[in-house]
Amino acid sequence: MALLPIIYAPDPRLKIKCRPVETVDQSVRDLMRDMLETMYAAPGIGLSAPQVGDNRRIIVCDVAREDDDPQSIQLINPEIVWESDEIVLAEEGCLSLPDHFAEVERPGAVRIRYLDQDGEVREIEADGLLAACAQHEMDHLEGILFVDYLSPLKRNIILRKMKKLKRQKEAA
Ligand code: K1U
Ligand code: ZN
């Protein structure tokens, strides 16, 4: 088990299109286990491989409430095969943009095809917070951050604050 360092924006590693996993082997399962541990520790409700410096198409989510049992979801090579016409506006955060939140519009429900830990093709239907989280994580696999949906003005304000934070951390 290992806690992985999370990459903060702006960073070119967060703008890369990730590559599909060809074989679901132990290295993939180890990465997903470490990603879940990192996500729970952050804490967060989702995490994508590029946020921890790996360019494979892997995401994890768990939107269970604190009082409920964990319900981790591990998706390899996820793809949306259906999305609702209904569009929902909801607030999002990102572990790569800590302390920044904004409302993003997305389909309210999606069906996702993916490979599980054994390399089997599966599908999952998601709505509510899980739909938003899974779409947010799948965007990371395309090098897209939630700030990319904001106006250039709002995006630049957040990214400038992130750059300032990076400079302050380097100086400390
Ligand atoms: O991808 C990420 O950076 C993780 C991100 C996922 C996400 C949050 C909200 C909407 C869509 C996607 C986070 O987990 S940010 C942290 C967060 O939302 C949270 C943290 C603790 C408790 C509850 C939520
Ligand atoms: Zn994110």
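The values are calculated or read from the model by the stated rules, or taken from the named source; none is laboratory data. Please read these numbers as outputs of a predicted model, since none were measured by experiment. Here Cβ is always computed from backbone atoms with ideal geometry, including for glycine, and neighbour counts include all displayed protein chains.
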**OP:** Please list, ordered by first then second residue, the pairs with beta carbon atoms under 7 Å, 6 or more apart or interchain, first in the range 26-37 and crowded, with 16+ Cβ neighbours inside 10 Å and outside any helix (DSSP H, G or I), second at pLDDT below 95 and of a type in the set (A, V, I, L, M, F, W, C).
**Re:** none
Original post:
Scanning the range 120-155 for residues that are in a loop (DSSP other than H, G, I, E, B) and exposed (fewer than 13 other Cβ atoms within 10 Å of the Cβ), which turns out nearest to ligand 1 (Cβ to nearest atom)?
Top reply: S151
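Does the range 48-57 hold any residues that are out of contact with any Gly (no Cβ under 9 Å at 6 or more places or on another chain) and either closer than 15 Å to L95 by Cβ or within 12 Å of ligand 2 (Cβ to nearest atom) (or both), and which are they? Before you say what the answer is, go through the steps one by one.
Looking only at the range 48-57, we keep the residues that are out of contact with any Gly (no Cβ under 9 Å at 6 or more places or on another chain), and these are 48-49, 51-57.
Listed by number, the residues that qualify are S48, A49, Q51, V52, G53, D54.
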**OP:** Only residues in the range 57-70 that are more than 13 Å from T38 (Cβ to Cβ) and assigned to a loop (DSSP other than H, G, I, E, B) count as the first member; pair them with residues that are at pLDDT 90 or above and among the β-branched types (V, I, T), Cβ under 8 angstrom, at least 6 apart or cross-chain, and list the lot.
**Re:** R57/V21; R57/I76; V63/I45
Original post:
Going through the range 96-114 one residue at a time, which ones are surrounded by fewer than 21 Cβ atoms within 10 Å (Cβ to Cβ) and in contact (Cβ under 8 Å) with a residue 40 or more places away in the chain?
Top reply: P98, H100, A102, V104, E105
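Among residues belonging to the range 58-78 that are touching a helix residue (DSSP H, G or I) at 6+ places or on another chain (Cβ under 8 Å) and away from ligand 2 (no atom under 16 Å from the Cβ), point out the one that is farthest from T23 (Cα to Cα). Walk me through how you get there before you give the answer.
Within the range 58-78, the first condition is being touching a helix residue (DSSP H, G or I) at 6+ places or on another chain (Cβ under 8 Å), and the residues that meet it are 58-63, 70, 72-76, 78.
Of the ones still in play, those that are also away from ligand 2 (no atom under 16 Å from the Cβ) are 70, 72, 74, 76.
Working: P70: 27, S72: 21, Q74: 15, I76: 10 Å.
Selected residue: P70.
Scan the range 38-56 residue by residue and report those that are free of Cβ contacts under 8 Å to residues at least 60 places away in the same chain, among the aliphatic types (A, V, I, L, M) and closer than 18 Å to N77 by Cβ.
V52
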**OP:** Exactly one condition in (1) free of Cβ contacts under 8 Å to residues at least 12 places away in the same chain; (2) hydrophobic (A, V, I, L, M, F, W, C); (3) more than 25 Å from R19 (Cα to Cα) is not met by I144; state its number.
**Re:** (3)
Subject >> Flag if I87 is crowded, with 22+ Cβ neighbours inside 10 Å, more than 15 Å from ligand 2 (Cβ to nearest atom) and either within 23 Å of E37 (Cα to Cα) or free of Cβ contacts under 8 Å to residues at least 24 places away in the same chain (or both) >> reply: no
